[in-house]
Structures are given as C-alpha cells and as structure tokens.
C-alpha cells in the first residue's frame, strides 16, 4: 500500500499548462551521475521515455510505460499491482534520486516530471551485450592480437606468408578494422536512449531472440 502522502496512481494530480520549466538551471552532469543513474534498469527506462516525450510527463503515465516495458506487455494489459509497484518505486525513490542528481525537474505536488537540459540534450548510448556476444572492447583486443600475430608471421616469412607482400597484409588488417568500425557505429546508433521504440536493451534482446 502507498504511504499516506503518496498520490494515488489511478488519480494523479493534473499538470498545469503554464508550468515553469527548471531545465535551464540544472547543474553540470558528471560522469559519476551518469554511471549511478544508468546502473538501475528502472531509471534507464524512465529516462528513455522522458527523452522520447521531450516535455513534462505525469508520473502515472511514466510509471505505466516503465511497467509495460518491464513486464513485456502493452500498457492496456497491465494490472493494478504492476502499475502501482512501479509508480511507488518512482515516486518514493527513483525520481527523487534523479532530481538530486540534477537530471530531472520533479514536482511531486502536481505529479509531473521532465528532464533537465543536462540530460535532455545529451546523447546517451548503451553497450548492450546480448546472448553469447562479446563487448566491443574485447573484440578489438582480440582483433589487435590476431593482427599483431599476422604481421609477425609475415615479417618472419612463415609458411604461405612468405610469398604474400607485407602491403597486402596491411591492407587486409586495415579493411578488417574499418568494417568492424562501421558495424559498431551502426549498432551503437540503435542503442541510444530516447530513440523510438522500447529501450535499447529490450531491442537487443528482441534482435538476439
């Protein structure tokens, strides 16, 4: 059950049309703030939806969308407990934390929240490693090791590499890194918070499945 002072998610306060935004007075966003915020899935989902709407949002509406993503179902199919559980969590914990970090302007009296400029204007990308995939850092480390080994074997003229020009090996290695970089750029572009559709990690799971 909500605390006595917790607004009813079924009847949230009405947001005033002439609300004054506090977005332009937000403090500078630090790396620690970003790490702490993005370490929690529910906060990631909340920021994703707020960046999509780009304006004030009712906490109840935000809670419904976050609950829908968490439970893998449309908003219309959520039951009251699924809605209330997320609503109370946002109201009592996550939104105050985001406000303290200067990431949102949160008016708990009217039940509305919006992003501050520090995060609204920032492009936030997630590296989502789904299934049996490996992080890009590990991939490039492995590619560098293989490239170094290939260069060494070519220099020592080992086996079939004796007849392969070094310039050809250099070209192959350059091409591998270029193709990898292009693929990473395309993939990373689909992992941005605030893009259309569900949060990046859900999209990654859907693609992996």
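With respect to (1) more than 16 Å from residue 95 (Cβ to Cβ); (2) at pLDDT below 95; (3) more than 11 Å from the chain's Cα centre (by Cα), the lone exception for residue 34 is condition (3). Identify, from the list 89, 93, the residue that is more than 21 Å from residue 198 (Cα to Cα) and in a helix (DSSP H, G or I). After applying the criteria, what remains is 93.
Taking the stated definitions as given, is residue 152 farther than 28 Å from residue 32 by Cα and either loosely packed, with under 12 Cβ neighbours inside 10 Å or modelled with pLDDT of 90 or more (or both)? Spelling it out, residue 152 is indeed farther than 28 Å from residue 32 by Cα and either loosely packed, with under 12 Cβ neighbours inside 10 Å or modelled with pLDDT of 90 or more (or both).
Would a scan of the range 189-198 turn up a residue that is modelled with pLDDT of 85 or more, surrounded by 12 or more Cβ atoms within 10 Å (Cβ to Cβ) and part of a loop (DSSP other than H, G, I, E, B)? So far as the range 189-198 goes, yes, one or more of its residues are modelled with pLDDT of 85 or more, surrounded by 12 or more Cβ atoms within 10 Å (Cβ to Cβ) and part of a loop (DSSP other than H, G, I, E, B). When the range 31-60 is filtered for residues that are buried (at least 18 other Cβ atoms within 10 Å of the Cβ), in a helix (DSSP H, G or I) and either in contact (Cβ under 8 Å) with a residue 40 or more places away in the chain or out of contact with any strand residue (DSSP E or B) (no Cβ under 8 Å at 6 or more places or on another chain) (or both), the ones remaining, listed by number, are 33, 37, 43, 44, 45, 46, 47, 48, 50, 51, 59, 60.
If you check residue 178 against the conditions, is it surrounded by 11 or more Cβ atoms within 10 Å (Cβ to Cβ), more than 30 Å from residue 68 (Cβ to Cβ) and modelled with pLDDT of 85 or more? Taking the combined requirement at face value, the residue does not satisfy it.
In the list 134, 160, 104, which residue meets the criterion of being more than 13 Å from the chain's Cα centre (by Cα) and either at pLDDT 85 or above or buried (at least 17 other Cβ atoms within 10 Å of the Cβ) (or both)?
Of the residues listed, the single one that is more than 13 Å from the chain's Cα centre (by Cα) and either at pLDDT 85 or above or buried (at least 17 other Cβ atoms within 10 Å of the Cβ) (or both) is 104.
The values are calculated or read from the model by the stated rules, or taken from the named source; none is laboratory data. Everything numeric in this text was worked out from a predicted model, so none of it was measured. Glycine gets a Cβ as well: all are built from the backbone with ideal geometry, and neighbour counts include every protein chain shown.
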